[in-house]
Amino acid sequence: MQNVKKDKFDCIFTLGGDGTQKSARDLYLKGINIIGVPKTIDNDVACTDITFGYNTAVSVAMEALDRLHSTGETHHRIMVLEVMGRYAGWIALESAIAGGGDVALIPEIPFDLKKVANKIKERIKKGKRFSLVVVAEGAVPKDGQITVKGTRDNGSGVDNTKLGGIGEIVAAELQKLTGLEARNTTLGYMQRGGTPTAYDRVLSTKYGAKAMDLALEGKFGVLTVLKNGKLDSVPLEKVVGKNKTIGAVSGNTKESNLRRVPMDDDLITTARNIGISLGD
């Protein structure tokens, strides 16, 4: 804060997700001119329809499914693809629809692997001796817990759980339940980098131009958002939700206002309509 004031910054633009915008809100309350721009591949920022980075991540996951399809079909295997998504299943759900997935396991719906196995067995009876299963890293089995790969110590107020490993677990269990060999692929950081899609390039430019307009208007403490196809802004306080503690730099708490997949979302309806199992 001292450096910002010393160098006479007119405004700081914060590009990021829930945790970033939580910190932005805190700095704004301490007197720094802040405007947030929603950027996260998880697509879980509250108050906006979409974040940039998400479309690119879905495209990468879709391409991975296209490639796994070939091996799964020729080798008669269950191909599991673990994608990012700690608390929201947007990537897993949309990539499964786009990439011809047969199963999509997301954090919002606790899954039952016996029901998933039944779906795969039905496919076997129809002569389809392979299946594509997409699982978000934060997917949780019924009466189970989130799969934690490890913990870090990055300070208080930070989400120090390192997720990962649910794909391997799902693959091993489905192999036992179905008799088909199963293989897991974890995309990891492949989803986060590389060449952005045209959609994300245009979306980020629109957000950036809107943020500059807001700065010139002197409207701070807000997040640029897209609602029903129209650019707008909302107070960062609304984005943060009930997460009021100053200095808790990470979001992803019970008080956070994360945008998860609602059960009446068109993606849920579409997935069910085309026969994708959601594990419930």
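Considering (1) in the same structural domain as residue 163 (by TED's automatic domain parsing); (2) outside any loop (DSSP other than H, G, I, E, B); (3) at pLDDT 95 or above, say which one residue 35 fails and leave the rest. With (1) in the same structural domain as residue 163 (by TED's automatic domain parsing); (2) outside any loop (DSSP other than H, G, I, E, B); (3) at pLDDT 95 or above applied to residue 35, the lone miss is (1). The residues of segment 10-32 that are part of a loop (DSSP other than H, G, I, E, B) and either over 16 Å from the mean Cα position of the chain (by Cα) or at pLDDT 95 or above (or both), listed by number, are 10, 11, 30, 31, 32. When you scan segment 80-94, do you find a residue that is of a type in the set (Phe, Trp, Tyr) and crowded, with 24+ Cβ neighbours inside 10 Å, even just one? Among the residues of segment 80-94, at least one is of a type in the set (Phe, Trp, Tyr) and crowded, with 24+ Cβ neighbours inside 10 Å, which makes the answer yes.
Of the numbered criteria (1) surrounded by fewer than 21 Cβ atoms within 10 Å (Cβ to Cβ); (2) under 17 Å from the mean Cα position of the chain (by Cα); (3) among the charged types (D, E, K, R), the one residue 7 fails is (2).
Of the residues making up segment 170-217, those that are closer than 30 Å to residue 80 by Cβ and aromatic (Phe, Trp, Tyr) number 2. Considering the conditions (1) out of contact with any strand residue (DSSP E or B) (no Cβ under 8 Å at 6 or more places or on another chain); (2) in contact (Cβ under 8 Å) with a residue 60 or more places away in the chain, residue 84 is excluded by exactly one of them, (1). Restricting attention to segment 173-205, the residues that are assigned to a helix (DSSP H, G or I), out of contact with any Phe, Trp or Tyr (no Cβ under 9 Å at 6 or more places or on another chain) and surrounded by 14 or more Cβ atoms within 10 Å (Cβ to Cβ) add up to 7.
The values are calculated or read from the model by the stated rules, or taken from the named source; none is laboratory data. Because the structure is predicted, anything quoted here is derived from the model rather than measured. Backbone-built Cβ (ideal geometry, glycine too); neighbour counts: all protein chains shown.
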